[in-house]
Amino acid sequence: MQSVATFAALLAVAVLLVPFFKRAGLGTVLGYLAAGVLIGPWGLGVVHDPENLLHTAELGVVLLLFIIGLELQPSRLWALRKPVFGLGGLQFFGVGALLIGVAYLLGLDWPIAILVGLTLALSSTAFVLPTLAERRELHSRYGRETFAILLFQDLMVIPLLALLPLLGATQDEDKVSPVVGLVVLGVVIAIGRPILDRVFRHVSRIDSREMFTAASLATALGLALLLEASGLSMSLGAFVAGVLLSDSDFRHELEASIAPFQGLLMGFFFIAVGMGINLGMIVQHPINVIGFTVGLLAIKGFGLYGLRRLVGGNAKVSRMQALALAQCGEFAFVLFGAARASAIMPAEVVEQLTLAVALSMAIAPVLFILSDRYDAKRAAEEPEPQADEMPHEANQVVIAGFGRVGQIIGRVLRLRGVQFTALDKNREEVDMMRRFGIQAYYGNAAHLEVLDAARVGEAKILVLAIDDIETSLRCAEIVRKHFPHVQIVARARDRFHAYRLMDLGVTLQMREAFKSSLEMARMIFEVLGKPPAVARQIVERFAAHDQELLKREQALYHDEGQLIQSANEAHEELAALLEQELAAAAADEADGPVT
């Protein structure tokens, strides 16, 4: 009963705290740690001994490394080899060397200092990647390079895990020699791939999801236990299992089968780590704890910034990467916990390091906020760069915004020899277009002087393809006011953007996903068995009705209640109208041609 009550308490606190931390931008890992602190000895004291839970929850780490192995396809690594091994190696070994030196100066022996320094060089993949995705920066240059560095760090966890048994080998005479483990590892790598492929092909013929999940768990845990028995670590065995299956046809199904178990157990692992965080140290040694945490962030942040600039990195990109990767990662809890269990490191040192890692992760969101404020302040202080010198002759068409929409329009116009002037405020986009022979110009089309320089007043059409809604509306307003004779053909991001463009008198517009969504709906109806003519009739009727509805609702969109009521009424009206039309068409088809 006690274990059931503990399990229920863990679930309840996690369900309450983790969503709150995620919504606040602090990340799920920090939420789990906070849940552990709340339940543990330094909180409410619901659980007094987190060690038992930690041993079970370590399976989450094992399964996480299995999934990481599945993601590390050799072909993918080869394609990303330059940023992964170049930038990743620069960050990990460069920052790690600085931290190793500091750890040695603080009194740790060289082997332990190397382990501590390289472990602290790791950053939190679980925090950084979701944060970049939410900020829509994952596909920027800075986001891609940061992803490559994190990928290299994930790879480096495996050598660090393999280093632990070597450091602790002299402390246990009964322990298997690591040489035996390396031999077993070599055999597994040599013959594992074809054997595992045959096993999963056999299991897939049974067509049972439960059996496939059982086979996935058996593979990950079986190889983990095999390598542990051979003198290496369970985590290394699970990682190798994932890599062996990374190029198989079953990779995605394997990941889907393991993910629920991995997520739940990983959450319990971080809760158990949170229970072991000694908050009393903050009270007993506040200066040491705060000083160590700030120093850690400073060494990692300034170290990476300096190294990145040394190899020719852009100042802004280098600063953003340094702030994003300054915190420590979740694998530090794994590695320090394993070092403590193996008696490689004193318990007091592990407690201090674990607390510093947790505090660095708590401060990480603040670093993003400070970076945003710094960028906003710099942008406000610095004048906007001068626009390019525009063409001396006017063109009939001016394209404002030369991103994914504007470029397609430009390609079609070029195909028929229609000359145009393209404007965009992204310097990199403009430079890339020029390399393809397209005369694009740098300039913000929401400024009257830029539109004047582009000779919009002598054009017939302004193509409004700007991605940012507010900038798009400012541009439309300026053109309507100063060049009322110029026809605007606009791209609308969504329905409400379309309403606001209509308020400015822009009637020739297209919602960017409207046509493609209708085409997909037509395909879906055909797959469901509708004749092509019927599928086409359904989407054409919907499109026509929706365009009429857009005009009717323009006056209502400020009132959400009326807008919802209008949308519901329009849905019922369209359903009845379409039913009548399809019935009439079916009746005409049944009657056949009149002779």
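The residue that is nearest to SER517 (Cα to Cα), counting only those in the stretch 471-490 that are in contact with a strand residue (DSSP E or B) (Cβ under 6 Å, 6 or more places away or on another chain) and outside any helix (DSSP H, G or I), is ALA490.
Answer yes or no: is there a residue in the stretch 219-232 that is of a type outside the set (Gly, Ala, Ser), surrounded by fewer than 19 Cβ atoms within 10 Å (Cβ to Cβ) and touching a Leu at 6+ places or on another chain (Cβ under 8 Å). The answer is yes; a qualifying residue exists. Scanning the stretch 516-529 for residues that are of a type outside the set (Gly, Ala, Ser), in the same structural domain as ILE399 (by TED's automatic domain parsing), farther than 25 Å from GLN565 by Cα and surrounded by fewer than 17 Cβ atoms within 10 Å (Cβ to Cβ) turns up nothing. With respect to the conditions (1) more than 30 Å from ARG141 (Cβ to Cβ); (2) of a type outside the set (Gly, Ala, Ser); (3) in contact (Cβ under 8 Å) with a residue 24 or more places away in the chain; (4) in a helix (DSSP H, G or I), ILE524 falls short on a single one, namely (3).
Selection over the stretch 152-178 of residues that are at pLDDT below 80, in a helix (DSSP H, G or I) and more than 19 Å from LEU223 (Cβ to Cβ) gives a count of 7. Being in contact with a Leu (Cβ under 7 Å, 6 or more places away or on another chain), surrounded by 15 or more Cβ atoms within 10 Å (Cβ to Cβ) and under 22 Å from GLN419 (Cα atoms): is that true of ALA465 here? No, not satisfied.
The values are calculated or read from the model by the stated rules, or taken from the named source; none is laboratory data. Keep in mind that this is a model prediction, so the values were computed, not measured. Don't worry about glycine lacking a Cβ; one is built from the backbone with ideal geometry, like all the others, and counts go over all protein chains shown.
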